[in-house]
Amino acid sequence: MSFNRLKFPPTMAAVLTRTRDYLQQEIGLSVIRAEPRTGNMDALRLRDVTAAACTGGPVRLIIAFSFQRPLLEHIREVVTAAIDVRPDERELFLRETAAETANFILGHATADLAEDGDDMVLSPPTVLDGERNITRPRKAIFTSIEMMTSHGTLEINFVGPPELFDNQLNIVGEKEEREGNMHPLKVLIVDDSLLTIRTLTGMLTEMGHLVVQTAGTGAKALEAYREVRPDLV
């Protein structure tokens with residue numbers, strides 16, 4: 001399927017609407033300003049924690065939610081208010097919050113964008129740590145929305161075509177770009193459904209990745225993470 005540049009504007013509009021609704025209605029945050037960037041940017045700036053997912057179907061993009069840490073910590077406090085989070089679990093829950101926020105927003109936005117007979121496909125979000133700048137390769141398109149809230153800034157970055165990048169948003173080399181390959185990843189799968197674990201294990205194995213451990217609870221996931229140090233959870 002060829003990359004369709006015309007899908008950028010409606011995709012940005014749908015994601016902007018769903019993000020604003022989530023922050024205001026689910027988290028209770030005031031959105032002070034949302035500014036879509038116009039034109040093709042030369043570089044993207046990733047903030048403290050970023051959750052990136054790839055869409056497929058009628059819209060093929062990488063969409064990366066990049067949070068300032070104070071904003072993400074506030075969202076974590078809201079969504080875990082009914083959970084007893086130990087101090088040593090806060091970083092894990094922070095990363096989970098980034099991934100679940102992206103998953104929730106994109107799940108609704110992709111449903112808005114689905115076309116008759118051509119449903120959207122959404123990959124599990126990958127969480128990236130630390131600030132970083134990504135320089136745009138010649139064939140890529142970069143654009144973003146800067147959303148200012150009462151607790152910090154969220155950058156929503158839209159990147160395409162997705163095959164120019166791996167799941168860490170590194171630019172794929174020319175040979176890898178032609179062959180569509182990514183470096184194999186060590187994966188830890190966490191879910192309380194055995195069916196889901198087996199399904200994801202099969203999918204990831206077929207893609208050439210290695211499922212090094214699985215866990216059915218958060219506590220077991222923490223133990224497994226410390227033991228195997230996976231590339232992806």
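Observations, loosely collected:
- Lys/Arg +1, Asp/Glu -1 at C-beta; the chain dipole; positive extreme among Val59, Leu46, Gly202: Leu46
- Scattering profile of the stretch 54-179 at q = 0.10, 0.12, 0.15, 0.17 Å⁻¹ [log10 I(q)/I(0), Debye over alpha-carbon scatterers]: -0.37, -0.53, -0.80, -0.98
- Cα radius of gyration and Dmax for the stretch 20-100 (Å): 14.8, 45
- Helices meeting the span-like rule in the chain (full DSSP H runs, Cα extent of at least 27 Å along the helix axis, mean Kyte-Doolittle score of 1.0 or higher) are absent.
- Taken about its Cα centre, the stretch 44-87 carries a charge dipole of roughly 220 debye when the Cβ of each Lys and Arg holds +1 and the Cβ of each Asp and Glu holds -1.
- Intensity falloff of the chain expressed as log10 I(q)/I(0), Debye formula with alpha-carbon point scatterers, at q = 0.11, 0.12, 0.14 Å⁻¹: -0.58, -0.69, -0.96
- Of all DSSP bridge pairs formed entirely within the stretch 6-159, close to 100 percent run antiparallel.
- Taking the Cα centre of the chain as reference, the dipole from Cβ charges on Lys and Arg (+1) and Asp and Glu (-1) amounts to some 600 debye.
- About its Cα centre, the dipole of the stretch 42-171 is roughly 500 debye, where the only charges are +1 on Lys and Arg Cβ and -1 on Asp and Glu Cβ.
- Ignoring the sites themselves, the chain has its longest run without trypsin sites (Lys or Arg not before Pro) in a DSSP loop having at most 15 other Cβ atoms within 10 Å at 1-137.
Any read-out appearing in this document is the output of simple, stated calculations on the displayed coordinates, not a laboratory observation. Computed from a predicted model, the values in this text were never measured in an experiment. Neighbour counts run over all protein chains shown; Cβ positions are idealised from the backbone, glycine included.
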